[in-house]
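K.L.:
Dumping the structure here so I can ask a few things about it.
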Amino acid sequence: MHRLKLFCLVAMLAPPLLYAETDPEAPTRSAIARAVTSSAADQESILNQLAASGGVSKAQRDLLVSWNNGEIYLYDEPDGKTVPVVLEQPDTTDKTRAFRVDTGELLRDSNGAPVMIDPTTATAADINAVLRKKIQRTLDLLGLSDPNPDVRAGTAFKLGSSQKAENLAVLETRLKLEKDARVSKILHEAKALIALADTARPDRQVAAANTLAQLNCIGGLDALTGLTESKNVSPEVKQAAAKATQSIRNYLSVVNFFGTIFRGFSLGSILLVSALGLAITFGLMGVINMAHGEMIAVGAYTTYVVENVFRDGLALSPLGVRIVLPGLHLSGWPFQTYFIFAIPLSFLAAALAGLALERLVIRFLYRRVLESLLATWGVSLIMQQLFRLVFGANNVQVNSPSWLLGNFTISDVILGYNRIFVIAFAVLIVIGTWILLTKTPLGLFIRAVIQDRDMAACMGVPTERVNMLTFAFGSGLAGLAGAFLSQIGNVGPSLGQSYIIDSFMTVVVGGVGSIAGTVASALGIGLSDQVLQQLLGSPVLGKIMVLAIIILFLQWKPGGFFPTRSRSLDS
């Protein structure tokens, strides 16, 4: 017991000693500090040892980057010892604190006070083009042993693209240790790219071209194309390069095809989310709601407000009066959850806006198509002006959570997380809508009103309440569309106008009031748009062709894919 107390006392009295013995970064930091103040020969030796070790952390690689950028300075201590340091704020003209390269600790004087250094008069460590080249090579070699496979893959491709024979040995060494299949493939590609530049060995060039073709190396197209156009290679090499180029281009066509299909599904999902609510309200009530796009904008602006409240707060300026909403000042993972709260709030805000529109305007204009069209168009203009008064006339940016950023690849087909999310989002909305319409009393009432409004009223169905709730639900779906659209673009007062025409087009082609028809129409229009853009090579021509096809289709089937037959719609 007494020995344990004695050990704890020693540990508290000597924390620097314990830190020096247990800090895994201490040897590497010390080596970098020695290299900064050493001769050229010692610098090369130390850098080679660092590259061979592979156990360098991100903070230590940042030190090498700072050295390469000339951002390591030399501080002369009173005892004459020179200490390499990095400045806390190297870009300022005021004196700033410094941190020791060898320990990472704050630089202090003999009294323990932080040493303040003037960046304008500080002495930078010597650096030249030869040393920069050695440091950069060390960084590249360290990248091959990085824990992140994306960093290893990027470094391997960079070394291969340089086509320098000196990189071949390190690539082969790394290939023996690599366990990630994707990185191993890129290492093989990098080796082949280097062999492709070996003009003294045509047989190696031919083998390298065949290897690149077998690996479907899209990144090797430029090098292979250069060989086919070069006058300094043998006919065998040219033939092999041309064959490999054609093989990779065929593979690239397949990749582009599946990429187009994926983008078509994601575009169709966006159309589906924005049009589904309109399909319900239009199919039930026969009301042409030109303010449906503004319900999308309500959802998008609600997401913008939630995102700002979770972060720093939001300043609003309606009618010249400044209102500041307090922020939660969250960061890290709590901020990343804001979108989870924004989704139901966007639905609720748009549903309430739709409820107000139905109670104040729409309910007086049932079965008066022209009047409802003009009235809702006027409402849409009023709402756009309200957005400008409250949020400003300029677009606002909504920052996406980290889990919606980035992408991954399957056989070189890039799949973005945000596009995958919108597809899954649309599937959930369709399933939820189907459950509402087929498994709930409200759904039974909605279907009854669609089939025969007057008979449903005679049987005791509260048609007015059904109209109200259905309109609110359809508007809420539009709000959900706005919540997602805020993650793939800017939010502005005219956001809804970009989707209102496409939404009506999707509803009409699918069949007014048909959920299945809306799904088929949205996916069909999305796929057609992307495929035609790819074939014609122009987004404008692709859009024109889609519109032309829709016009011809409606001439053939005026009721759309799944026309709904009901007395309420036929009357």
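The values are calculated or read from the model by the stated rules, or taken from the named source; none is laboratory data. These figures come from a predicted structure and were not determined experimentally. Here the Cβ positions follow ideal geometry from the backbone for every residue, glycine too, while neighbour counts run over all protein chains shown.
Rundown of residues vs (1) modelled with pLDDT of 75 or more; (2) out of contact with any helix residue (DSSP H, G or I) (no Cβ under 7 Å at 6 or more places or on another chain); (3) of a type in the set (S, T, N, Q), yes/no style:
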position: Leu6; (1), (2), (3): no, yes, no
position: Asp23; (1), (2), (3): no, yes, no
position: Ser30; (1), (2), (3): yes, yes, yes
position: Ala35; (1), (2), (3): yes, no, no
position: Ser39; (1), (2), (3): yes, yes, yes
position: Ile46; (1), (2), (3): yes, no, no
position: Val56; (1), (2), (3): no, no, no
position: Asp62; (1), (2), (3): yes, yes, no
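K.L.:
Something else about it: For Thr463, work out the one condition from (1) free of Cβ contacts under 8 Å to residues at least 60 places away in the same chain; (2) closer than 26 Å to Leu272 by Cβ it doesn't fulfil.
P.N.:
(2)
K.L.:
Now for a different question. Applying the selection to region 100-122, what residues are of a type in the set (Asp, Glu) and surrounded by 16 or more Cβ atoms within 10 Å (Cβ to Cβ)?
P.N.:
Asp102
K.L.:
Please pick out the residue among Lys191, Lys185 that is within 31 Å of the chain's Cα centre (by Cα), of a type outside the set (A, V, I, L, M) and closer than 24 Å to Ala241 by Cα. Before the answer, list the steps.
P.N.:
Numbers: Lys191 fails: within 31 Å of the chain's Cα centre (by Cα).
Step by step, each of Lys191, Lys185 is checked, and only Lys185 is within 31 Å of the chain's Cα centre (by Cα), of a type outside the set (A, V, I, L, M) and closer than 24 Å to Ala241 by Cα.
K.L.:
Okay, moving on. Pairs under 6 Å by beta carbon, first residue under 11 Å from Asp94 (Cα atoms) in region 110-127, partner of a type in the set (Lys, Arg) and surrounded by 11 or more Cβ atoms within 10 Å (Cβ to Cβ), six or more apart or different chains?
P.N.:
Listed by first residue and then by second, the contacts come to Met116/Lys95; Asp118/Lys95.
K.L.:
Separate question: Just to be sure before I move on: is Ser514 farther than 30 Å from Val396 by Cβ and loosely packed, with under 15 Cβ neighbours inside 10 Å in the structure I sent?
P.N.:
Working: farther than 30 Å from Val396 by Cβ: yes; loosely packed, with under 15 Cβ neighbours inside 10 Å: no.
Judged against the criteria, Ser514 is not a match.
K.L.:
Let me ask you something else. So is Phe262 in the same structural domain as Ser346 (by TED's automatic domain parsing), closer than 28 Å to Gly154 by Cα, in a helix (DSSP H, G or I) and of a type outside the set (D, E, K, R) or not? Give the derivation first.
P.N.:
Values: in the same structural domain as Ser346 (by TED's automatic domain parsing): yes; closer than 28 Å to Gly154 by Cα: yes; in a helix (DSSP H, G or I): yes; of a type outside the set (D, E, K, R): yes.
Spelling it out, Phe262 is indeed in the same structural domain as Ser346 (by TED's automatic domain parsing), closer than 28 Å to Gly154 by Cα, in a helix (DSSP H, G or I) and of a type outside the set (D, E, K, R).
K.L.:
When you check Ala244 against the structure, is it assigned to a helix (DSSP H, G or I) and either surrounded by fewer than 22 Cβ atoms within 10 Å (Cβ to Cβ) or assigned by TED's automatic domain parsing to the domain that holds Glu189 (or both), yes or no? Talk me through it step by step, then tell me what you get.
P.N.:
On the way: assigned to a helix (DSSP H, G or I): yes; either surrounded by fewer than 22 Cβ atoms within 10 Å (Cβ to Cβ) or assigned by TED's automatic domain parsing to the domain that holds Glu189 (or both): no.
Taking the combined requirement at face value, the residue does not satisfy it.
To keep it simple, each residue is scored yes or no on (1) of a type outside the set (S, T, N, Q); (2) surrounded by fewer than 16 Cβ atoms within 10 Å (Cβ to Cβ).
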site: Thr138; (1), (2): no, no
site: Ser145; (1), (2): no, no
site: Ser161; (1), (2): no, no
site: Thr173; (1), (2): no, yes
site: Leu187; (1), (2): yes, no
site: Gln214; (1), (2): no, yes
site: Cys217; (1), (2): yes, no
site: Leu227; (1), (2): yes, no
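K.L.:
Another question, then. Looking at the structure I just gave you, is Met455 touching a Pro at 6+ places or on another chain (Cβ under 9 Å) and part of a helix (DSSP H, G or I)? I'd like the intermediate steps shown before the answer.
P.N.:
Details: touching a Pro at 6+ places or on another chain (Cβ under 9 Å): no; part of a helix (DSSP H, G or I): yes.
Here the answer is no, as Met455 does not meet what is asked.
K.L.:
On to the next question. Among the residues of region 533-544, are any out of contact with any Gly (no Cβ under 9 Å at 6 or more places or on another chain) and at positive phi?
P.N.:
Residues of region 533-544 out of contact with any Gly (no Cβ under 9 Å at 6 or more places or on another chain): 537-544.
Narrowing further to those that are at positive phi: 537.
Scanning region 533-544 turns up at least one residue that is out of contact with any Gly (no Cβ under 9 Å at 6 or more places or on another chain) and at positive phi.
K.L.:
I want to confirm something. Restricting to region 482-503 and keeping residues that are touching a residue at least 40 places away in the same chain (Cβ under 8 Å) and small (Gly, Ala, Ser), which single residue is farthest from Ile515 (Cα to Cα)? Break it down stepwise before answering.
P.N.:
Of region 482-503, the ones touching a residue at least 40 places away in the same chain (Cβ under 8 Å) are 482-488, 490-500, 502-503.
Still in the running and small (Gly, Ala, Ser): 482-483, 486, 492, 494, 496, 498, 503.
Working: Gly482: 20, Ala483: 21, Ser486: 25, Gly492: 29, Ser494: 27, Gly496: 21, Ser498: 22, Ser503: 13 Å.
Checked region 482-503; the qualifying residue farthest from Ile515 (Cα to Cα) is Gly492.
K.L.:
Could you say which residue among Lys231, Lys243, Lys238 is modelled with pLDDT of 90 or more and of a type in the set (D, E, K, R)?
P.N.:
On the way: Lys231 fails: modelled with pLDDT of 90 or more; Lys238 fails: modelled with pLDDT of 90 or more.
Checking each option against the conditions leaves just Lys243.
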